[in-house]
Amino acid sequence: YATRPEREATFLMGSSMGGLISAYALCEHPKVFGGAACLSTHWIGTFQRNDEVPSAAIAYLRGALPEPASVKWWMDRGTTELDAQYDQAQPRIDALMAD
C-alpha cells in the first residue's frame, strides 16, 4: 500500500515484546518515526514480576528517550492474564515518561 513517508506520518505499534521493540525503535530512530503505540508492553521480560528487567529498561530509556515534544507516545496495558504481571513495572515507566 502506498504510504506517506514523512516521519510525522510514520508510527510504530506493537504489543507485548512488540511494544518493547516499538519503544526501542522510536528511541533509536526518532528522525524516522514520529511516534509509537506500546500496548501491553512486556517490561518484565519474563513470565513473573521482577525488578531487574524493568530497571534495565528504565536505565536505557533515561539515556535514550527523544525530546518529548518531538514524538508521540501511547502506552496502555490490561489487567488480566499476563498483563496483570505488569502492574508494578508500567507505573515506573509512566513515572519516567511524566518526568
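Taking residues in region 54-81 that are under 13 Å from ALA98 (Cα atoms), and partners anywhere that are of a type in the set (S, T, N, Q), the pairs with Cβ atoms closer than 9 Å and at least 6 places apart or on different chains are MET75/THR41; MET75/GLN90.
Among the residues of region 5-15, what is the count of those that are out of contact with any strand residue (DSSP E or B) (no Cβ under 8 Å at 6 or more places or on another chain) and of a type outside the set (Asp, Glu)? I'd like the intermediate steps shown before the answer.
Applying the first criterion (out of contact with any strand residue (DSSP E or B) (no Cβ under 8 Å at 6 or more places or on another chain)) to region 5-15 yields 5-10.
Going one step further and asking which of them are of a type outside the set (Asp, Glu), we end up with 5, 7, 9-10.
Adding up the residues that qualify gives 4.
Residues that are touching a residue at least 24 places away in the same chain (Cβ under 8 Å) and touching a strand residue (DSSP E or B) at 6+ places or on another chain (Cβ under 8 Å) within region 20-51 comprise LEU20, ALA23, LEU26, PHE33, GLY34, GLY35, ALA36, ALA37, CYS38, LEU39, SER40, THR41, listed in sequence order. When GLU52, GLU28 are screened for being over 29 Å from THR80 (Cβ atoms), of a type in the set (Asp, Glu) and at pLDDT 95 or above, only GLU28 passes.
The values are calculated or read from the model by the stated rules, or taken from the named source; none is laboratory data. Predicted, not measured: the structure shown is a model, and the values here were computed from it. Cβ: placed from backbone, ideal geometry, glycine included. Neighbour counts: every protein chain shown.
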